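The structure appears right after this line, and notes come after that.
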Amino acid sequence: MKVPMKWISEYAPILTDAENYMNKMIMIGNGVEGYEDLGGEISGVVVGKVLTCEAHPDSDHLHVTTVDIGSGEPLQIVCGAPNCEAGILVPVATVGATLPGGVKIKKGKLRGVESSGMLCSSDELGVPVELYPSVGSAGLLIFREDHPLGADVKPILGIDDTVMDFEVLANRPDCLSVWGLARETAVACGTEFKKPEITVSETDGDVRDYVQVDVEANDLCPRYIARVVKNVRVGESPMWLRKYLHGAGMRSINNVVDITNFVMLETGHPMHAFDLDKVEGHHIIVRRAEAGEQITTLDGKEHPLSGGQLVICDAEKPSCLAGIMGGEESEITEETRTMMFECAVFDRASTRVTSRTLGIRTESSGRFEKGVSVKTAMEAMNRACQMICELDAGDVVGGVIDIYPNPEEKQVFTASCARIAKRTGVDIPADEIVRILQQLHFGVERDGDTLTVTVPDFRQDVTGEADLSEEALRVYGYDHIPGTLLRGETTPGGRNDAMRLKDSVSRKLCGLGFREIMNFSFVSPKSVEKLGLPGDDERLNMLPIRNPLGEDTSVMRSTLVPDMLSTLALNMNHGNEKASLYEAANVFDPIHRTEENLPTETRKLCLGMYGGKADFFTLRGVVESLLTGFGIETECEAGGEVYYHPGRRAVLKHNGEIVCSLGEIHPEVRERFDMPQRAYAAELDLKQIAALRQPMGAVKPMPRYPAVTRDLSLVMPEETQVGPLLAAMRGAAGKILEDAKMFDVYRSAALGADKKSIAFSFVFRGADHTLTEEEITKAMNKLLKAAESMGAVIRG
């Protein structure tokens, strides 16, 4: 917020220079981004009177003038402005003067005629026409008042001030006003804050005879104040008012509009003025907009309303966007004769949503978004009416409409001086705490260590003892905080169960020749669609990203397989002969949500491989080895995901529960992912593995008795599943069977159509004696009988 120092000084004297003042304000917690000397680049420019103005002998547009600047002989100055004439008072840049942009005036000749200075336009001095009326760049700036010759022009043009640029934080909306900054200035500089005495001279009549006000949305407008001014006299604002507005970065429009802007900057309360003759039915209604309505704002832009936005309406249509910008139809013009002042408080969230939705950002909306005190609105209204009287801009009608159904009580609470000192870490004396709070306009009563504090109406940010601690410390001085050495101890970090499981998985897979990959969690929905999942598959319902970088990163992935296949395809197409990869990452499920209504995140493990000796059985062996390492025994069954080859896919089950789906990638899916050769993938749920894993049992001693190995080749129908067959033979052989595994598959025409030969290896060992041939033969017969029951016979 930009504020001229002279404006602040009217309410709190600043007895120091700008640099020191800035530092003082910073040290009590007020951000200051910098300051600007409005006329800092201008020097040596004074008031001069043109005595004579004659045509240049060698030019059709230049004039040769003599100018009196109040001292010495009149100056001869060549001027090219078309409005130059004898008798006018103008700004004169004397020899050696400086102008904005680093321009320095020197003595010289123009078309052979000597010129000792320059007569200036408003553009050359950097003075906008709103600050001091002129013809701008079209000619000289001509003073409209009498001024002493030789006087410095900067005070006359309102550019003799220093503007401070304050950085007001969101928790201090009271400092979005000159009064708020003046209060802080009084504390920083040790001076006294004096607010102007506000009185309003009313004329005859009653406000309710001129306007009717109804508030239908009290939840979004807790207070609405209206006053009427008749016999409005719209005109130019006085120089002091234009100067202050210019320093604050606002343009002077006319006296009535300037008053509303001045009061907003001074008190922090946005105001608005309606031309009452343009308000249909002289009826003001504060309500939510209806869908399909529209409004044309003061900037001439038309805005359609979707419904729900808070608007100020007349009897027929919206006339103002509440807290943001007025409507074009009811604006103040030179023809205005009766107007209504509005000073209200609007809900900050509603104002922000409407402002962002419609793309309108104003000084008014910025203040309502941060919060405007509902208790001080009447003071701002009376200040505006007082200025109407002082500037003779109209006659204030008697009475006021104040719709304030739920008045807020004074905020009072107790605090402890000892706790304040302890909280700040500084031993602030209790008397000093009381003095500081009173200086900040808090009401304070002390009873021993206990303070009873009444919060001033303009401080909405103070709600408890912690806030008082901050107030006391920032004024007492941060330099009182004692310097101490950094102390404490570092806490060694640890790894939780999920991290340790991931580490264990990584070690096992790396030992099996796999390398870890990492992909982004956000993907394109098309990548999942390439898998050919059925339409009711929940993995197609992905969590969308609100502001994605593009379609390729628009959703959170619901499966790791597409990224694994894309990575395998990338390696294939870059000439890598083989690859064994794995990725452990979260997948996101927006359908099954947590108690906090957040998407479920599940840690998954995906394996992928191709090339070399990679095939279905190799990948199955890797997965079984991984699961066995965690104490999870599984059975293999045919079946699995649709994106696997129908004849080369399987699921691994533990006690009937699927723990892994694996297989060769379906040829059609490979084609969609641009994979030129066969590839294999497997998916596991790490959370499920963590739940099923078994702790390592006791270490067994080395066996004392020798083992006996028997190999067996069985012929069976092609559709016979090896897993269930092997499990049946294990069960039939009894306790002496130590290990059983398949080691070969053979097919030929000699076996017959739809037949295959599977070779098994069995290891027998006795726990307390050396097995006899009779015992081994008996066990082999039992497992052969179990095999025959499933259609498998000894290969002849």
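One table, with the values for the structure above:
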{"read-out": "Selection within the range 77-113 - under 14 Å from residue 54 (Cβ atoms), touching a strand residue (DSSP E or B) at 6+ places or on another chain (Cβ under 6 Å) and not β-branched (Val, Ile, Thr)", "value": "79, 84, 85, 86, 110"}
{"read-out": "Top-ranked residue in the range 398-437 [being β-branched (Val, Ile, Thr) and open to solvent by 60 Å² or more (accessible area, probe 1.4 Å); ranked as nearest to residue 229 (Cα to Cα)]", "value": "412"}
{"read-out": "Filtered residues of the range 688-737 (kept if over 28 Å from residue 505 (Cβ atoms) and among the charged types (D, E, K, R))", "value": "704, 710, 711, 718, 719, 735"}
{"read-out": "Extreme residue, most open to solvent (accessible area, probe 1.4 Å), among residues of the range 227-246 that are at negative phi and in a loop (DSSP other than H, G, I, E, B)", "value": "236"}
{"read-out": "Candidates 620, 603, 649, filtered to the one that is touching a residue at least 40 places away in the same chain (Cβ under 8 Å), part of a strand (DSSP E or B) and either open to solvent by less than 20 Å² (accessible area, probe 1.4 Å) or at negative phi (or both)", "value": "603"}
{"read-out": "Pair list, Cβ < 7 Å and 6+ apart or interchain, from the range 122-141 residues that are free of Cβ contacts under 8 Å to residues at least 60 places away in the same chain to residues that are assigned to a helix (DSSP H, G or I) and surrounded by fewer than 16 Cβ atoms within 10 Å (Cβ to Cβ)", "value": "122/136; 123/136; 123/137; 129/136"}
{"read-out": "Search result, residues across the range 41-70 that are open to solvent by 50 Å² or more (accessible area, probe 1.4 Å), of a type outside the set (Lys, Arg) and farther than 17 Å from residue 107 by Cβ", "value": "41, 51, 52, 54, 55, 57, 58, 60, 61, 70"}
{"read-out": "Of all residues in the range 626-644 being closer than 13 Å to residue 696 by Cα and among the hydrophobic types (A, V, I, L, M, F, W, C), the one that is surrounded by the most Cβ atoms within 10 Å (Cβ to Cβ)", "value": "627"}
{"read-out": "Every residue from the range 116-148 that is hydrophobic (A, V, I, L, M, F, W, C), under 18 Å from residue 105 (Cβ atoms), touching a strand residue (DSSP E or B) at 6+ places or on another chain (Cβ under 8 Å) and part of a loop (DSSP other than H, G, I, E, B)", "value": "120, 140, 141"}
{"read-out": "Cβ-Cβ under 7 Å pairs, at least 6 apart or on other chains, the range 79-94 side free of Cβ contacts under 8 Å to residues at least 40 places away in the same chain, far side open to solvent by 20 Å² or more (accessible area, probe 1.4 Å)", "value": "80/61; 80/62; 85/53; 86/51; 86/52; 86/53"}
{"read-out": "Residues (open to solvent by 40 Å² or more (accessible area, probe 1.4 Å) and touching a residue at least 60 places away in the same chain (Cβ under 8 Å)) located in the range 438-457", "value": "439, 441, 457"}
{"read-out": "Pick from the range 346-388, criterion of a type outside the set (S, T, N, Q), closer than 12 Å to residue 268 by Cα and outside any helix (DSSP H, G or I), ranking: farthest from the chain's Cα centre (by Cα)", "value": "374"}
{"read-out": "Residue ID - most open to solvent (accessible area, probe 1.4 Å), chosen from residues in the range 286-322 that are among the polar types (S, T, N, Q) and farther than 18 Å from residue 362 by Cβ", "value": "294"}
{"read-out": "Residue match in the range 259-269 (condition: open to solvent by 20 Å² or more (accessible area, probe 1.4 Å) and either over 30 Å from the mean Cα position of the chain (by Cα) or within 23 Å of residue 177 (Cα to Cα) (or both))", "value": "yes"}
{"read-out": "Lone qualifier among 272, 282 - being open to solvent by 20 Å² or more (accessible area, probe 1.4 Å) and on the phi > 0 side of the Ramachandran plot", "value": "282"}
{"read-out": "Within the range 525-543, considering residues that are of a type in the set (D, E, K, R) and outside any helix (DSSP H, G or I), the one least open to solvent (accessible area, probe 1.4 Å)", "value": "537"}
{"read-out": "Scan of the range 41-72 for residues that are outside any strand (DSSP E or B) and either in contact (Cβ under 8 Å) with a residue 40 or more places away in the chain or among the β-branched types (Val, Ile, Thr) (or both), ordered by number", "value": "41, 42, 56, 57, 58, 59, 62, 69, 70, 71"}
{"read-out": "Matching residues in the range 544-570 - criterion: being open to solvent by 40 Å² or more (accessible area, probe 1.4 Å), modelled with pLDDT of 95 or more and under 13 Å from residue 526 (Cβ atoms)", "value": "566"}
{"read-out": "Cβ-Cβ under 9 Å pairs, at least 6 apart or on other chains, the range 471-482 side at positive phi, far side surrounded by 12 or more Cβ atoms within 10 Å (Cβ to Cβ) and assigned to a helix (DSSP H, G or I)", "value": "477/27"}
{"read-out": "Members of the range 571-600 found to be within 26 Å of the chain's Cα centre (by Cα) and open to solvent by 80 Å² or more (accessible area, probe 1.4 Å), listed by number", "value": "593, 595, 596, 597, 598"}
{"read-out": "Subset tally (residues that are in a helix (DSSP H, G or I) and either of a type in the set (Gly, Ala, Ser) or exposed (fewer than 15 other Cβ atoms within 10 Å of the Cβ) (or both)) for the range 23-40", "value": "3"}
{"read-out": "Hits in the range 489-535 - residues which are closer than 28 Å to residue 546 by Cβ and without any contact (Cβ under 8 Å) to a residue 60 or more places away in the chain", "value": "520, 522, 523, 524, 525, 526, 527, 528, 529, 535"}
{"read-out": "The range 467-505, residues that are of a type in the set (A, V, I, L, M, F, W, C) and open to solvent by less than 50 Å² (accessible area, probe 1.4 Å)", "value": "468, 472, 473, 475, 501, 505"}
{"read-out": "Hey, residue 173 at pLDDT below 95, open to solvent by 10 Å² or more (accessible area, probe 1.4 Å), over 30 Å from residue 85 (Cα atoms) and touching a Lys or Arg at 6+ places or on another chain (Cβ under 8 Å) or not", "value": "yes"}
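Residues checked against (1) open to solvent by 30 Å² or more (accessible area, probe 1.4 Å); (2) among the β-branched types (Val, Ile, Thr); (3) in contact with a Phe, Trp or Tyr (Cβ under 9 Å, 6 or more places away or on another chain):
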{"residue": "105", "(1), (2), (3)": "no, yes, no"}
{"residue": "110", "(1), (2), (3)": "yes, no, no"}
{"residue": "136", "(1), (2), (3)": "no, no, no"}
{"residue": "142", "(1), (2), (3)": "yes, yes, no"}
{"residue": "157", "(1), (2), (3)": "no, no, yes"}
{"residue": "177", "(1), (2), (3)": "no, no, yes"}
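The values are calculated or read from the model by the stated rules, or taken from the named source; none is laboratory data. Since the model is a prediction, treat every value here as computed from it, not as a measurement. Cβ coordinates were reconstructed from backbone atoms using ideal geometry, including for glycine residues, and neighbour counts include every protein chain displayed. Note: areas computed on protein heavy atoms with side chains; ligands, DNA, RNA excluded. Shrake-Rupley method; radii C 1.70, N 1.55, O 1.52, S 1.80 Å.
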